[in-house]
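Trainee: Below is a structure I'd like to ask you about.
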Amino acid sequence: MFKKLLIANRGEIAVRIARACRELGISPVAVYSDADRASLHVRVADQAINIGPPPSNQSYLVIDKVIAAAKTTGAEAIHPGYGFLSENAEFAEAVERSGLVLVGPPASAMKLLGSKTSARRIAQAAGAAVVPGTVSPLESVGDAEHVAGEVGYPVMLKAAAGGGGKGLRLVRSREEIASAFSLASSEAASSFNDAAVYLEKYIDSPRHIEIQLIGDLLGNMIYLGERECSLQRRHQKVLEECPSPIVDADLRRRMGETAVNIARAAGYHNAGTIEFLVDSERNFYFLEMNTRLQVEHPVTELVTGRDLVHEQVRVAAGEKLSFSQDDIVMRGAAIECRIYAEDPENSFLPSPGRITKLVTPAGPGVRYDSGSYQGWEVPIYYDPLLAKLCVWAETREAAINRLTRVLNEYSVEGIHTTIPFFRAVVQSEEFRRGEFDTGFIDRFWNPRAQAGGSSRGYEDAPIADIAMIASILHAKASKERKDTTTAVQTESRWKLYGRVAHRK
Ligand code: MV4
């Protein structure tokens, strides 16, 4: 087993990984940017290396700095967490070349699965149902028109280098496809440096259900049930559950075995997740594979009783998986809420300020993973996830009742958070019945937050970027006055902020 491990991340996931290191007798090493000097992940590590200025492209995303930090501290392995370099095949290659061990899949599998069209070909070859459409990029508008005519409208255009909903375009009819194709291509080119776009038939009101996998270097690969991730806002998950209210033992086994076959076909090892879209008849279609530990992994841990980060580190060190498929028994129900520093009453705009008072939930069946503490300022440069609040109970209903209790114990002062939004979700009849689909949040929350507004919400319009900049500049101004700070919402908007800051 490793003696020292470098955590190439920040926030709650860096704290989570450091905890696993402690339990395994491994010394955790942190890296931090100038904006994170006072952050919790630095305090819980044995050593911490400064890797540069706050913007992540000058710190957490710089491959050479991260590898140098591991080398100088004598760490033998690097855990990338999620986001940042975690799905970067170039980083995985650099780690392999430098003689360090990546706690993650091989660079080769990351490459095969990073391209969504290549991933679709692998899934198809492994015998999985993929959403009908193309398995290679569209070559022209004519090509798009032809395929769309064959699979039937509506269709979705997706960036081949995308994933997680970035660069998606819904096309309802032939009249729309030419302009949608050129918009999708140029969006893909500017976001991912790759204009390639592919096409899928549009699945109406799908559920997003994913299978957790883990495999070792000896060829063992098993699934640890599913997670229901249909509650999303702007393609960001906000609440996840294990098990899914609509998955029974038979569907779980079929999805699990399909997922294992796909991962094997890609030469995968370590932890990974296969996402499926599930239609109203419970047909499941491969969507994409995430080649990292996911934000929502705790709900799987609560229901299976297995520690995924322990297991990731063990298999990265060459050990055999400590359990087999038959050992995996799911018990009870777990729910995770992503608590963000955003104002749900104000279109989820970033909420600036210092955490002046914090009362964290506890008691039976509660798991609280956080990178924040009372008195801490949320840096503006990164994803403003404050904490993941998870509950476990014997049944889904008991878990919702427990979550209601826990949300009422939880109190954060000085900034707005998404806690009030979740208090409303747990009271919703639709949610309690487990009948939500991907449109739930828009139906449920938008009418309140944006009374009289368009049903689409204004977040997709250019004015949303202006509102974001205004909010950040306001926060900067008030920071200068009274030393508070702000948090921003999405990656694209952080980049936008970076451009604004440079012009100042
Ligand atoms: C889809 C879809 C319908 N049909 N693909 C992909 C990434 C995820 N964030 C959204 N994605 C979707 N892909 C086809 N062919 C609908 C969605 C979708 C969605 C899926 C699951 C849960 C919430 C969603 C919200 C909006 C769109």
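Trainee: What's the number of the only condition in (1) more than 18 Å from the chain's Cα centre (by Cα); (2) surrounded by 19 or more Cβ atoms within 10 Å (Cβ to Cβ) that Ala387 fails to meet?
Mentor: Ala387 satisfies every listed condition except (1).
Trainee: Those residues that are in a helix (DSSP H, G or I) and either at positive phi or out of contact with any strand residue (DSSP E or B) (no Cβ under 8 Å at 6 or more places or on another chain) (or both), I need them from the range 1-12; list them, please.
Mentor: Gly11
Trainee: Can you work out which of the residues in the range 279-297 that are more than 19 Å from the chain's Cα centre (by Cα) and within 13 Å of the ligand (Cβ to nearest atom) is farthest from Glu319 (Cα to Cα)?
Mentor: Ser280
Trainee: Something else now. Give just the number: which of (1) closer than 18 Å to Pro384 by Cβ; (2) under 22 Å from the mean Cα position of the chain (by Cα) does Ile63 not satisfy?
Mentor: All conditions pass for Ile63, except number (1).
Trainee: Right, next: Restricting to the range 261-277, give me the number of residues that are within 16 Å of the ligand (Cβ to nearest atom) and not hydroxyl-bearing (Ser, Thr, Tyr).
Mentor: 4
Trainee: Please identify the pairs in which a residue from the range 55-83 that is among the aromatic types (Phe, Trp, Tyr) has its Cβ atom under 7 Å from the Cβ atom of a residue that is at pLDDT below 95, counting only partners at least 6 apart or on another chain.
Mentor: none
Trainee: Okay, next question. Give the residue that is farthest from Asp34 (Cα to Cα), with candidates limited to residues of the range 355-394 that are at pLDDT 95 or above and of a type in the set (D, E, K, R).
Mentor: The residue in question is Glu394.
Trainee: Same structure again: Can you list the helices (runs of 4 or more DSSP H) lying wholly within the range 27-136 that have 1 or more residues being within 22 Å of Asp194 (Cα to Cα), hydroxyl-bearing (Ser, Thr, Tyr) and within 16 Å of the ligand (Cβ to nearest atom)?
Mentor: The helices (runs of 4 or more DSSP H) meeting that bar are 116-125.
Trainee: When Thr304 is evaluated against the numbered criteria (1) of a type in the set (S, T, N, Q); (2) over 19 Å from the mean Cα position of the chain (by Cα); (3) within 16 Å of the ligand (Cβ to nearest atom), which criterion, by number, is the only one it fails?
Mentor: Among (1) of a type in the set (S, T, N, Q); (2) over 19 Å from the mean Cα position of the chain (by Cα); (3) within 16 Å of the ligand (Cβ to nearest atom), the lone unmet condition for Thr304 is (3).
Trainee: Please give the number of the condition Asp343 fails out of (1) acidic (Asp, Glu); (2) in contact with a Ser or Thr (Cβ under 6 Å, 6 or more places away or on another chain); (3) within 16 Å of the ligand (Cβ to nearest atom).
Mentor: With (1) acidic (Asp, Glu); (2) in contact with a Ser or Thr (Cβ under 6 Å, 6 or more places away or on another chain); (3) within 16 Å of the ligand (Cβ to nearest atom) applied to Asp343, the lone miss is (3).
Trainee: Being under 30 Å from Pro364 (Cβ atoms) and surrounded by fewer than 24 Cβ atoms within 10 Å (Cβ to Cβ): is that true of Asp326 here?
Mentor: Yes: the conditions hold for Asp326.
Trainee: Under the condition of being more than 9 Å from the ligand (Cβ to nearest atom) and assigned to a loop (DSSP other than H, G, I, E, B), which residue from the range 151-160 is nearest to the chain's Cα centre (by Cα)?
Mentor: Ala160
Trainee: So, one more: Are there any pairs, at least 6 apart or on different chains, whose C-beta atoms fall under 6 Å, with the first in the range 157-170 and within 14 Å of Arg120 (Cα to Cα) and the second near the ligand (Cβ under 9 Å from one of its atoms) and modelled with pLDDT under 95, and if so, which?
Mentor: As it stands, the answer is Lys158/Leu168, since those pairs meet every condition given.
The values are calculated or read from the model by the stated rules, or taken from the named source; none is laboratory data. In this text the structure is predicted, and so the values were computed from the model without any measurement. Using ideal geometry, Cβ is built from the backbone for each residue, glycine included, and neighbour counts are taken over all protein chains shown.
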